[in-house]
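Worksheet: the structure to be examined is printed underneath.
Throughout, read-outs are computed from the coordinates displayed, never taken from laboratory work. As the structure is a computational prediction, the values presented were derived from the model and not from experiment. When we count neighbours, we look across all protein chains shown, and the Cβ atoms used for this are built from the backbone with ideal geometry, even at glycine.
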Amino acid sequence: MTEQQAREEMVKLGASFFARGYATGSAGNLSLLLDDGNLLATPTGSCLGELEADRLSKVTLAGEWLSGDKPSKEIAFHRALYARDPECKAVVHLHSHYLTALSCLEGLDTQNCIRPFTPYVVMRVGDVPVVPYYKPGDQRLADDLSRLAGQYRAFLLANHGPVVVGKSLREAADNTEELEETARLMFTLGDRAIRYLSASEVAELRSR
């Protein structure tokens with residue numbers, strides 16, 4: 001994929017997220033790793049529904065701003081994920097409704113906040129650890145995600161929302177949507193008795 005194609009894909013996926021209510025206002029950010037080793041990211045304060053290909057931020061893995069509009073302050077935790085996970089080629093961070101609601105609950109299992117009850121969340125995402133609350137842009141977000149990078153494909157930032165990685169921006173976007181749909185199902189089911197997948201059923205899915 002050329003850099004121009006990557007820019008166009010980011011604009012297209014950002015607009016799709018916004019149009020379907022996964023992103024509101026100027027919340028959330030996207031990034032991907034270019035073939036030249038630099039990052040393409042959504043600019044600070046940008047609306048995912050109004051991105052412009054030639055204004056996207058281009059930064060180095062070390063954080064140097066190369067071109068485009070100023071990058072989001074949250075690019076620091078994106079960079080940490082790329083630096084520690086060689087399979088990470090894209091990062092999606094949204095403030096989507098149900099996952100953000102989930103992130104605000106007390107008593108979540110910090111090792112895996114979504115106990116498996118559908119096969120798809122197991123196959124596409126796996127366990128989802130919870131990162132403690134820090135204010136947006138805090139370096140400790142990057143530090144904590146760096147320690148977890150390479151072990152998981154998705155993370156839930158407490159009182160903040162999801163972070164999902166992928167081998168492409170499309171994969172990260174698809175997995176973010178799968179996770180959001182799972183969280184929506186959790187709230188839909190509420191306090192009803194849920195038939196969770198057994199350990200052997202989960203192991204079978206993970207072996208695929």
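Here is how the numbers come out for the structure above:
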{"item": "Among GLY45, GLY68, GLY37, residue whose mean-square fluctuation peaks in a GNM of the chain (springs only between Cα atoms under 10 Å)", "result": "GLY37"}
{"item": "Segment GLU204-ARG192, length gained on full extension (0.36 nm per residue, minus Cα span)", "result": "1.7 nm"}
{"item": "Most fluctuating residue given options LEU33, LEU61, LEU102, as computed from a GNM of the chain linking Cα atoms under 10 Å", "result": "LEU61"}
{"item": "Computed helical MRE - 222 nm, the chain, DSSP H runs ≥ 4 contributing -39500 (n - 2.57), nearest 500", "result": "-11500 deg cm²/dmol"}
{"item": "Loop-located GluC sites (Glu not before Pro) in the stretch 1-88 whose Cβ has at most 13 other Cβ within 10 Å (DSSP)", "result": "GLU52, GLU64, GLU87"}
{"item": "Residue of LEU94, LEU40, LEU189 that the Gaussian network model of the chain assigns the largest fluctuation, springs spanning Cα pairs under 10 Å", "result": "LEU189"}
{"item": "Stretch gain in nm, segment HIS97-ARG184, where the contour uses 0.36 nm per residue and the Cα spacing is subtracted", "result": "30.5 nm"}
{"item": "Full-stretch length increase - GLU64, ALA19 - with 0.36 nm per residue and alpha-carbon distance subtracted", "result": "13.1 nm"}
{"item": "Förster radius 22 Å - calculated FRET efficiency between ASP138 and LEU105, Cβ distance, rounded to 0.05", "result": "0.55"}
{"item": "Cα convex hull of the stretch 83-130, projected area averaged across orientations, nm²", "result": "4.4 nm²"}
{"item": "Stokes-Einstein translational diffusion, the chain - Kirkwood Rh over all Cα pairs, 1.306 mPa s, 10 °C, in µm²/s", "result": "92 µm²/s"}
{"item": "Derived scalar couplings ³J(HN,Hα) [the stretch 120-135; Karplus, 6.51 cos²θ - 1.76 cosθ + 1.60; whole Hz; x for Gly, Pro]", "result": "5, 5, 5, 6, 8, 10, x, 5, 10, x, 9, 8, x, 5, 9, 5"}
{"item": "Cβ crowding within 10 Å averaged over residues, with 197-206, 11-20 ranked highest first", "result": "11-20, 197-206"}
